[in-house]
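K.L.:
One structure coming up, written as structure tokens, with questions to follow.
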């Protein structure tokens, strides 16, 4: 029986935690994907930026980070993070994600997001996160990101003016959300 390095696997992708050893591949993919990500996303592009980023994702109970890897090659295709996890009566987290250019448009991130939803909403006693709600805050012009969450059943809940500081300015964001009952 093969031991999997993945938290969960789909047909084409697996999710696994960030590791220090992933820094060179991750940052190379970020640099290759700069045109795809701008002006929406600014992931770490150097090892000096990657190390604290990956370390923060491994800290405590307030976030979880997953590398999206192609099962056929183990290549990193993207990432999905659950940030700002709040427990208690809220049981909610905020999504951050990005595909890398070589994997964009192939449905890999959509498959991975489905896996993240299953893991996030699974009870903790079944090795899930036991969350009730996930939110994605997306700039209105980011049509690819909106299509991704809409395709996974998220609902649009409103617009937050001047919500996040991105690329040197406070940007409006649409609030998209999904609950465990919606999956």
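The values are calculated or read from the model by the stated rules, or taken from the named source; none is laboratory data. Predicted, not measured: the structure shown is a model, and the values here were computed from it. Here the Cβ positions follow ideal geometry from the backbone for every residue, glycine too, while neighbour counts run over all protein chains shown.
K.L.:
Restricting attention to the stretch 1-11, which residues are over 17 Å from the mean Cα position of the chain (by Cα) and modelled with pLDDT of 95 or more?
P.N.:
The answer is 11, and nothing else.
K.L.:
What single numbered condition from (1) farther than 27 Å from residue 121 by Cα; (2) touching a helix residue (DSSP H, G or I) at 6+ places or on another chain (Cβ under 9 Å); (3) outside any helix (DSSP H, G or I) fails to hold for residue 39?
P.N.:
Only one criterion in (1) farther than 27 Å from residue 121 by Cα; (2) touching a helix residue (DSSP H, G or I) at 6+ places or on another chain (Cβ under 9 Å); (3) outside any helix (DSSP H, G or I) is unmet by residue 39, namely (2).
K.L.:
Here's another thing I want to ask about it. Go through the stretch 41-56 and give me each residue that's crowded, with 18+ Cβ neighbours inside 10 Å and in contact (Cβ under 8 Å) with a residue 40 or more places away in the chain.
P.N.:
Listed by number, the residues that qualify are 41, 43.
So that you can scan it fast, the table gives a plain yes or no per residue for (1) assigned to a helix (DSSP H, G or I); (2) closer than 16 Å to residue 131 by Cα:
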| site | (1), (2) |
| --- | --- |
| 23 | yes, no |
| 50 | yes, no |
| 74 | no, no |
| 88 | no, yes |
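K.L.:
Can you name the number of the only condition in (1) free of Cβ contacts under 8 Å to residues at least 40 places away in the same chain; (2) out of contact with any strand residue (DSSP E or B) (no Cβ under 6 Å at 6 or more places or on another chain); (3) within 21 Å of residue 64 (Cβ to Cβ) that residue 154 fails?
P.N.:
So residue 154 meets the others, but not (2).
K.L.:
Which residue, of 25, 11, is surrounded by fewer than 19 Cβ atoms within 10 Å (Cβ to Cβ), touching a strand residue (DSSP E or B) at 6+ places or on another chain (Cβ under 6 Å) and closer than 20 Å to residue 106 by Cα?
P.N.:
Values: 11 fails: touching a strand residue (DSSP E or B) at 6+ places or on another chain (Cβ under 6 Å).
Unique residue meeting the criteria: 25.
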